[in-house]
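Visitor: First, the structure itself, so that you have it in front of you.
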Amino acid sequence: MKRRTFIALAATAAMLPGMALAEGFVDYTPGLIQSELAAGKTLFVDYGAVWCSTCARQERVITALRAEEPAYDEAMTFIKVDWDTYARHEVTTSRGIPRRSTLLVLRGGEELGRIVAGTREDDIRALMDQGL
């Protein structure tokens, strides 16, 4: 194998775990949150950006917690709101989302909890537990 090919393959393989972090999230589209709440679902909403290191850390913690505790996936729908697309959209402004790396748990018309820029596993676990 040529050195250049090996380096390209190694770089691609190194990126794969990071690319899979958003796996298991539903990408937000306008009206999705309202329709899911109207259907009686509990939502875990992640306002993030692909370039945000805090968001990446949050995703690693969320992914690990979901793998450890299947009840989270049974109890909640996980929705990813792309900050670059929806920062000034109603889905962000109506809830007073101050910045990317904001995590919410919603049920009915109520916000059960919120974390802004927090990455501590215990804090994220406590937020996710509110959705159970």
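Visitor: Leaving out ligands, DNA and RNA, and with a 1.4 Å probe, what % of the accessible surface on the stretch 78-132 is carbon or sulfur?
Guide: Working: 1190 of 2750 Å².
Carbon plus sulfur share of accessible area: 43 percent.
Visitor: Quick one: if the Förster radius is 30 Å, what FRET efficiency do T119 and H89 give, using the C-beta to C-beta distance and rounding to 0.05?
Guide: The formula returns an efficiency of 0.75 here.
Visitor: Starting from the 7 Å offset along Cα-to-Cβ, what nm value, one decimal, do you get for the label separation of A64 and T29?
Guide: Result for the modelled spin labels: 3.4 nm.
Visitor: Rounded to whole Hz and in sequence order, give me ³J(HN,Hα) for the stretch 116-130 from the Karplus expression 6.51 cos²θ - 1.76 cosθ + 1.60, θ = phi - 60°, writing x for Gly and Pro.
Guide: Values, residue by residue: 10, 6, x, 10, 5, 4, 4, 5, 5, 4, 4, 5, 5, 4, 5 Hz.
Visitor: Classify the stretch 15-132 from the C-alpha gyration tensor, please: rounded if a/c falls under 1.5, else prolate or oblate depending on whether a/b exceeds b/c. Could the numbers behind the result be given before it?
Guide: Numbers: a/c = 1.44, a/b = 1.09, b/c = 1.32.
Rounded, because the longest to shortest axis ratio a/c is under 1.5.
Visitor: For q = 0.16, 0.28, 0.30 Å⁻¹, what log10 I(q)/I(0) does the stretch 92-132 give under the Debye formula with an equal point scatterer on each alpha carbon and no solvent?
Guide: -0.39, -1.03, -1.10
Visitor: Taking amide H atoms as placed 1.01 Å from N in the peptide plane, list the residues 5 or more away in sequence, or in a different chain, whose amide H sits under 5 Å from that of L112.
Guide: Those lying under 5 Å, H to H, from L112 are V105, L106, R107.
The values are calculated or read from the model by the stated rules, or taken from the named source; none is laboratory data. Bear in mind the structure is a predicted one, so any value in this text is a computation, not a measurement. In this analysis, Cβ positions are derived from the backbone assuming ideal geometry, glycine residues included, and neighbour counts consider all displayed protein chains. Areas reflect the complete protein model, heavy atoms only, side chains present, ligands, DNA and RNA absent. Shrake-Rupley method; radii C 1.70, N 1.55, O 1.52, S 1.80 Å.
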